[in-house]
Amino acid sequence: MPATTQTVAFHGEEDQLQGYLARPEGVGPFPGVVVIHEVFGLNENIRDITRRFADAGYAAFAVDLFAGRSRAVCMARFMGGMLRGKPERFGIGDLKAALSVLAEQSYVDGERKGAIGFCMGGGFAVAWACTDDRLKAVAPFYGVNPRPIDAVARACPVVGSYPEKDFTAKSGQKLDAELARHGVPRDIKVYPGAKHSFFNDRGKSYDPAASEDAWRRTLAFFGEHLG
């Protein structure tokens, strides 16, 4: 059966936002995943990923961080926070609010929650994991690390996927080493020959082999840590 989907409005860190919610058939309780978009926003690629999670047995909530806002102002604030590197930055409060909305759904197991993010969203996923103990696993795709890097000492388990032909490959390697140093469970992989946004099947850098393997690893890791 296809996933059941709906648009859900909620109050974010400062204002009203919305997201795209997809759930499996049945009463649950299902593990929950927040999906964090890249700079292109909540587009059909992100909606499709959200539905894929529902097909795999997860309640998934893709947050639209640009909803009702000036995209230019948002990007300036997001990038400013990313450059400063601190885990607590503009946007993290929105993600925490989205996780609360997801956990409140009657068919979601509030103890089994995670997040996945791409590019900008991947950086958010790692930073968020350093600030919210409700997260049990995160999956950054080609994201940058928070600073100082040892902030990840308090992160939940991480499954990360990075393209070799991209500046974020070094981020993945540094994240792998730091998580290992702190004993945080992880599965970090850099894909040879892959480029930025390799998971976006609507983009020119789409890499089918890398995408298939990254999806398999993500589901396996989430299956272990979210159940």
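The values are calculated or read from the model by the stated rules, or taken from the named source; none is laboratory data. The model shown is predicted, which means the values in this text are computed figures rather than measured ones. Here the Cβ positions follow ideal geometry from the backbone for every residue, glycine too, while neighbour counts run over all protein chains shown. The area values use the complete protein model at the heavy-atom level, side chains included, leaving out ligands, DNA and RNA. Shrake-Rupley method; radii C 1.70, N 1.55, O 1.52, S 1.80 Å.
Here are some notes:
- From most to least packed by mean Cβ count within 10 Å, the peptides 138-145, 168-175 give 138-145, 168-175.
- In plain terms, the chain from Asp55 to Asp201 could stretch by 50.8 nm, reckoned as 0.36 nm per residue minus the Cα-Cα distance.
- Applying a length cut-off of 15 Å (Cα extent along the axis) and a mean Kyte-Doolittle floor of 0.5 to the DSSP H helices of the chain leaves 71-84, 92-104.
- With both labels modelled 7 Å from their Cα along Cα-to-Cβ, the Asp109 to Val39 distance reads 3.8 nm.
- The residues of the chain expose on average 41 square angstrom of accessible surface per residue, using a 1.4 Å probe on protein heavy atoms.
- Reported to the nearest whole Å, the Cα centre-to-centre distance from segment 81-103 to segment 1-66 is 16.
- The value of relative contact order for the chain, using C-alpha pairs under 8 Å at least six residues apart, is 16 percent.
- Helical runs (DSSP H, four residues minimum) scored at -39500 (n - 2.57) apiece and divided by the length of the chain put the mean residue ellipticity at 222 nm at -11500 deg cm²/dmol.
- Eligible lysines near Lys136 by straight Cα distance, threshold 24 Å, same-chain separation 8 or greater: Lys86, Lys96, Lys113, Lys174, Lys189
- Projected label points at Ala209 and Phe90, each 7 Å from Cα along the beta carbon direction, are separated by 4.2 nanometres.
- The simple spin-label model puts a point 7 Å past each Cα toward its Cβ; for Ala177 and Glu13 those points are separated by 3.0 nm.
- The GluC sites (Glu not before Pro) of segment 7-62 that DSSP puts in a loop, and whose beta carbon has at most 16 other beta carbons within 10 Å, are Glu13, Glu14, Glu25.
- Take every pair of alpha-carbon atoms less than 8 Å apart whose residues are at least six positions apart; their mean separation over the length of segment 155-227 yields a relative contact order of 31 percent.
- Rounded FRET efficiency, nearest 0.05, which uses the C-beta distance separating Thr4 from Met79 and R0 of 30 Å: 0.30
- Here is the size of segment 43-155 from its Cα atoms: Rg then Dmax, 13.8, 38 Å.
- Plainly put, the chain has a radius of gyration that is 0.93 times its Kirkwood radius, both from alpha-carbon atoms, as the Rg/Rh ratio.
- Share of carbon and sulfur in the accessible heavy-atom surface of the chain [1.4 Å probe, %]: 52
- Excluding same-chain neighbours fewer than eight residues apart, the aspartates and glutamates reachable from Lys170 by a Cα-Cα span under 17 Å are Asp150, Glu178, Asp187.
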